[in-house]
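Please read the structure below before turning to the comments.
What follows draws every value from the coordinates through simple rules; no lab data is involved. Everything quoted here is computed from the prediction, not taken from an experiment. FYI the Cβ positions are ideal-geometry reconstructions off the backbone, even for glycines, and counts take in every protein chain you see.
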Amino acid sequence: MNEIKKYRRQLSYLTLIALLLTVSAIFVARFKNIDYNILLAILIGIIINIFLLYRIGKKIYKNSVTEIKTIKEKYKPENITIDQVINQEKETSEEQSQQNKNHFDSLIEQFAQCADAVELSKTFLSRIAKELEIVQGLIYKYSKETEHFEPIADYAFYGQEQPAPFKIGEGLNGQVARDTKTMVVEDLPRNYRKIVSGLGHREPKYLLIIPIISNNHTIAIAELALFNKIEPTALRQLEKILNNLSNHFEK
């Protein structure tokens with residue numbers, strides 16, 4: 001897009017120059033005793049400008065075609081990302097509202113292709129880590145047999161001990177499961193959980209615990225660690241995505 005803007009500016013300048021040269025040529029041609037070399041120089045200038053206008057116009061056309069293809073590819077249903085959905089543009093028109101809905105439905109359809117809750121959870125954590133600043137994640141699913149929420153997928157979890165199952169009301173996750181309300185934990189205590197990366201050991205500052213609800217009951221929990229705070233509107237969209245996938249956790 002920046003390339004197109006640059007070429008458009010150049011096109012405007014050259015068009016103005018070509019117009020000035022044309023006006024000059026017409027003005028000079030009215031004089032009978034005008035030096036032929038002056039008129040020839042003006043005509044050559046006009047020809048050069050026409051050539052440059054053609055070259056830049058061609059570049060604008062090529063860049064515009066590429067930009068249109070990129071946008072079309074980006075908004076294909078199979079290419080809609082979590083980031084696009086949770087950071088949607090404000091619904092200022094009916095058209096924008098419909099586009100946001102279509103993007104949301106397309107994203108849900110992508111996840112619907114997963115065979116079961118485990119595959120969906122792993123896919124979700126992997127994608128959200130790439131598309132957003134989620135640095136670590138766990139998903140728990142409720143087991144009727146054990147009456148515990150048991151871990152079924154994790155991302156970048158390097159703890160010495162594996163995540164432990166928990167009951168409703170037990171710990172922060174258990175409270176979220178009981179209350180069916182998302183919890184945002186800020187200013188996590190030191191050594192709560194370290195993130196291992198190429199930059200060394202870092203500690204997340206925020207923790208999201210999101211209940212996945214069906215028929216007013218929590219059937220799964222998503223626990224996501226972040227370095228940066230997530231905006232409330234983005235969090236609401238994230239909750240909406242997860243809860244529209246709740247049927248996968250009932251199987």
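Some values worked out for this structure:
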quantity: All positions within the range 95-121 that are of a type in the set (Asp, Glu) and over 24 Å from Ile221 (Cα atoms); calculated: Glu95
quantity: Qualifying positions in the range 206-247 - more than 22 Å from Lys130 (Cα to Cα), in contact with an Asp or Glu (Cβ under 7 Å, 6 or more places away or on another chain) and buried (at least 18 other Cβ atoms within 10 Å of the Cβ); calculated: Ile219
quantity: Any hit, the range 122-139, residues being in a strand (DSSP E or B), closer than 19 Å to Ala220 by Cβ and free of Cβ contacts under 8 Å to residues at least 60 places away in the same chain; calculated: no
quantity: Qualifying residue in the range 149-158 (condition: part of a helix (DSSP H, G or I), crowded, with 19+ Cβ neighbours inside 10 Å and aromatic (Phe, Trp, Tyr)); calculated: no
quantity: Number of positions in the range 142-174 that are over 20 Å from Ile82 (Cβ atoms), in contact with a helix residue (DSSP H, G or I) (Cβ under 9 Å, 6 or more places away or on another chain) and of a type outside the set (Gly, Ala, Ser); calculated: 6
